[in-house]
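The values are calculated or read from the model by the stated rules, or taken from the named source; none is laboratory data. Because the structure is a prediction, the values reported are computed rather than measured. Glycine gets a Cβ as well: all are built from the backbone with ideal geometry, and neighbour counts include every protein chain shown. With ligands, DNA and RNA removed, areas are computed over all heavy atoms of the protein, side chains included. Shrake-Rupley method; radii C 1.70, N 1.55, O 1.52, S 1.80 Å.
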Amino acid sequence: MARRSLLTLLLLCSSGIVACGDRAPLSQESPSAAVTEFLGLRRVGELAERARPAAPILFIGLDGADWQQLEPLLAQGAMPHLARLRAAAAWGELESEVPALSPLLWTSMLTGVSPVEHGILDFSRFAPGSGLREPIGSADRRAPAIWNALAWSGKRVGLLGLWATHPAEPVDGVVVSDRLFGFLNVEAEPPPGAISPESRAPWAIAQLAEAERATGHAAVRAYLPWLTEAEYQAHSGVARAYDHPVSALRRILVETRLYGGMAESLLADSAAYDLALVYLQGTDSIGHVFAPFAPPRQPAVSENDFARYRDVPGRYFREVDALLGRLLALADRTSSTVVVASDHGFRWTEGRPDRWASSDARTAARWHRTPGIWLVRAPGVAPGRAANGKLRQIFPTLLALAGLPAATGAEAQPLGAIPPPASPAVDYHRVYRELAERRL
């Protein structure tokens, strides 16, 4: 790792991104010391000189969130924090892309380029050497993401739970990858590289243990009042959680509370983050498990199951709104910009497939709607319904809000009539490709 960090620094020096004159050499005492010194550098050259100061950004990714589902909850007063945020923000629908697979979509959103260009093409891939299936990860990505651009400009990043981020890339801050508590895989413990830097692993694992401990029978029974201890125990520990609504609900709640709790912890930290990005898979998973039971009752759903599960989505989105309220309260202490986005929508009522399983990976995408959502609350951004946007516009939006130059070779137009930076665009992709060629 020390050698890789040294090569990375030398490459950045040669590419003009980092100014390397009259600096102390990297320490070779230990890998962690080398990484710490590299990430602690603030003598940043071309990119930092062209960046401008900007307010911190809180980015909340709500997988599968859909105004069609959220509007009735807003009208009922069930999501007051989202209602207040939207009233102060520019917002609209976000046109998704096909195929509607989350790792592809989120990577396109946060790199500004297509799956063909960024290389994340599925949920999993065959591991070189062993030939075993494993979740697709950051080593497969061929384009720089928003956190790379911020890291190269000397800005501090917190990234939590996003698809295809294992192994966690080093930044000034913390990256907790999707392998800490993944949607697809149940692992006895996080694999190596799940958290960067490694010194934050005890914190992340403690957060996971607390989320697991707090989400027992009583927590699930708050959603399912009829649930007995015996029935909870029969389902809570199964390996294939999404095979039954009880076990699926518990896993969704653990995941939401884990990454939401970590986001609260980061935002409460005295060390400010220029970008805090938290991703919630649960807003999509809750639909894949419980949309078949949503009103109006589908013919294939029994009266008993309809009565048991119909209220779960509303209760879940109330919990998400409460989390949103806590995150906003913390973000407001630093006058942070707030961006919320989803990768696609979901078929909660009209158009629900009557013969395609919502929780089967082979047919789950048939439950997705094309429009997702976007929302930006920032100084100078006029509140109110704005023009609909496209998925890849999130990347230039975040660049502009972070005060960074636009990227060549990627989507360039920010959302919400935010003017793109006046300075010439930067070829972040060239630097990223050169770094990838020198990985060890």
* To do: For the chain, build the charge dipole from Cβ charges (+1 Lys, Arg; -1 Asp, Glu) around the Cα centre, then report which of Ala127, Phe293, Leu150 sits farthest towards its positive end.
  => Leu150
* Structure fact -> Rounded to one decimal in nm, the spacing of the 7 Å Cα→Cβ label points at Asp269 and Ala78 is 3.5
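Shape call for the chain from the C-alpha gyration tensor, a ≥ b ≥ c root eigenvalues: rounded (a/c under 1.5), prolate (a/b greater than b/c) or oblate? Don't jump to the answer; show the numbers that get you there.
Numbers: a/c = 1.82, a/b = 1.48, b/c = 1.23.
The shape class here is prolate.
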* Structure fact -> Averaged per residue, the 1.4 Å probe accessible area of the chain, protein heavy atoms only, in Å², is roughly 42
* Structure fact -> With +1 at each Lys and Arg Cβ and -1 at each Asp and Glu Cβ, the charge dipole magnitude of segment 329-408 around its Cα centre, to the nearest 20 debye, comes out at 180
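Using a 1.4 Å probe on the protein heavy atoms, what percent of the accessible area of the chain belongs to carbon and sulfur?
Values: 10040 of 18330 Å².
The value for the chain is 55 percent carbon and sulfur by accessible area.
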* Asked: How much of Glu210 can a 1.4 Å solvent probe reach, expressed as accessible area in Å² and rounded to 10?
  -> 90
* Asked: If you put +1 on each Lys and Arg Cβ and -1 on each Asp and Glu Cβ, how big is the dipole of the chain around its Cα centre, in Debye rounded to 20?
  -> 380
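Using a ≥ b ≥ c from the Cα gyration tensor of segment 341-440 (square roots of the eigenvalues), is it rounded, prolate or oblate, where a/c under 1.5 gives rounded and otherwise the larger of a/b and b/c decides, a/b for prolate?
Numbers: a/c = 3.80, a/b = 1.43, b/c = 2.65.
Oblate is the answer for segment 341-440, as a/c is 1.5 or above yet b/c matches or exceeds a/b.
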* Asked: Suppose every K and R has +1 on its Cβ and every D and E has -1 on its Cβ; what is the size of the dipole of segment 89-224 about the Cα centre, in Debye to the nearest 20?
  -> 220
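Helix-derived [θ] at 222 nm for the chain: sum -39500 (n - 2.57) over DSSP H runs of at least 4, divide by residue count, nearest 500? Intermediate values should be presented prior to the final figure.
Values: 17 runs with 173 residues, N = 440.
For the chain, the value works out to -11500 deg cm²/dmol.
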* Structure fact -> In whole angstrom, largest first, the equivalent ellipsoid semi-axes that the Cα gyration tensor gives for segment 188-270 are 27, 15, 9
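Using a 1.4 angstrom probe on the protein heavy atoms only, line up Trp203, Trp348 by accessible area, largest first. Let's see the in-between values first.
On the way: Trp203 50, Trp348 10 Å².
Result of the area sort, largest leading: Trp203, Trp348.
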* Return one number: the angle in degrees, 0 to 90 and rounded to the nearest 10, between the long axis of the Cα atoms of helix 428-437 and the longest principal axis of the Cα atoms of the chain. => 90
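According to the square roots a ≥ b ≥ c of the eigenvalues of the Cα gyration tensor, what is the shape class of segment 108-187, taking rounded for a/c under 1.5, prolate for a/b larger than b/c otherwise, and oblate for the remainder? All intermediate terms of the calculation are to be shown ahead of the outcome.
Values: a/c = 2.13, a/b = 1.40, b/c = 1.52.
Here segment 108-187 falls in the oblate category.
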* Accessible-area order (highest first, 1.4 angstrom probe) of the listed residues Arg141, Arg310 -> Arg310, Arg141
* Any idea of Thr283's accessible area? Nearest 10 Å², probe 1.4 Å. -> 0
* To do: With all protein chains present, calculate the accessible area of Trp356 using a 1.4 Å probe and round the result to the nearest 10 Å².
  => 80
